[in-house]
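Take a look at the structure set out below.
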Amino acid sequence: NPNNMWEKRKQTIAIYGSLDDKNYSEISAAADYVFDPASGNAAIIKFDSSNLRYLKLDFTSNTAATGGQAAEVEIY
């Protein structure tokens, strides 16, 4: 959400992928991403191309809320 009412925050996110929704492997290790209304509250997480069907995003911290915040997720 690019709305300026959201404060700048840092979230720690890891990504896991699976072909069968049962066996997941780490696609992107946990790292900190800054979400700032001044830059559209967007973060880009790059990872190697994989043949996957399912993705899980694991939010383990957020400096501005008690849980992870994601208004939209796009995978290319």
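Note on the chain: the alpha carbon radius of gyration divided by the globular reference 2.2 N^0.38 Å gives 1.17.
The mean sequence distance of close C-alpha pairs (under 8 Å, at least 6 residues apart), as a share of the length of the chain, puts its relative contact order at 38 percent.
When the chain is treated as a GNM with alpha-carbon contacts under 10 Å, the residue of Phe47, Phe59, Phe35 showing the greatest mean-square fluctuation is Phe47.
Per-residue extension of 0.36 nm, minus the Cα-Cα distance of Lys8 and Ile45, leaves a gain of 11.5 nm for this segment.
A cut-off of 5 Å between modelled amide H atoms, ignoring neighbours fewer than 5 places along the same chain, links Ile27 with Ile15, Tyr16, Gly17.
None of the figures in this text is laboratory data; all of them are computed from the coordinates on show. Quick caveat, the model's predicted, so the values are computed rather than measured.
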